[in-house]
Amino acid sequence: MATEPGAAEAATGLPQLVLALADARAQAQEIAAKTRADIQADLDKAIAKADAEIAARTAESATKINEIKDGADAAVVDVAKDTAAALISALGGSGDAAAVDAAVDKRTKG
């Protein structure tokens, strides 16, 4: 049984090819792991930035809502004072504006 020419050389070169392939796979896995880590780091930065922007906008919105609420509360008190004074006048009374204001303030503040 004769071996084909070059078969011995191919057999001895096979382990080197297997090692080279293993090295290439290891390098590819390292590159993939580094790429995943870089992408995750970029993603983490973007998420942190978005979270900070959302927090800032939320705080700004809360401030605006509180300003609107405070303005609405003041408007309700003003309407209540005007209504109380008009009712007193309509019923024939002569209410002192300071007394009406004090009475409404007392009722609206609890």
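Here, each number is a calculation from the coordinates, and none is a lab measurement. All values reported here derive from a predicted model rather than from experimental measurement. Cβ sites come from the backbone with ideal geometry, for glycine too, and all protein chains shown count toward neighbours.
For the chain, what D do you get in µm² per second when you plug the Kirkwood radius from alpha-carbon pairs into Stokes-Einstein at 37 °C and 0.692 mPa s?
Calculated translational D: 146 µm²/s.
Between their Cα atoms, which of Lys64/Lys109; Lys64/Lys106; Lys69/Lys109 are more than 21 Å away from each other? Mind showing how you got there, number by number?
On the way: Lys64/Lys109 23 Å; Lys64/Lys106 27 Å; Lys69/Lys109 15 Å.
Among Lys64/Lys109; Lys64/Lys106; Lys69/Lys109, the Cα-Cα distance tops 21 Å for Lys64/Lys109; Lys64/Lys106.
Rank by packing, highest mean first: peptides 94-106, 47-59, with packing defined as the count of other Cβ atoms within 10 Å averaged across residues.
Highest-to-lowest ranking by the protection proxy: 94-106, 47-59.
Evaluate the distance, in nm, between pseudo-label points positioned 7 Å from the Cα of Asp23 and of Ala97 along their respective Cα→Cβ axes.
9.6
Between Ser61 and Thr83, what FRET efficiency comes out of the Förster formula 1/(1 + (r/R0)^6) with R0 = 25 Å and r the beta carbon distance, rounded to 0.05? Mind dumping the intermediate values first?
Details: r = 32 Å, r/R0 = 1.28.
With R0 = 25 Å, the Cβ-Cβ based efficiency is 0.20.
Report, in degrees rounded to the nearest 10, the 0 to 90 angle that the Cα long axis of helix 7-90 makes with the longest principal axis of the chain.
Its long axis makes an angle of about 0 degrees.
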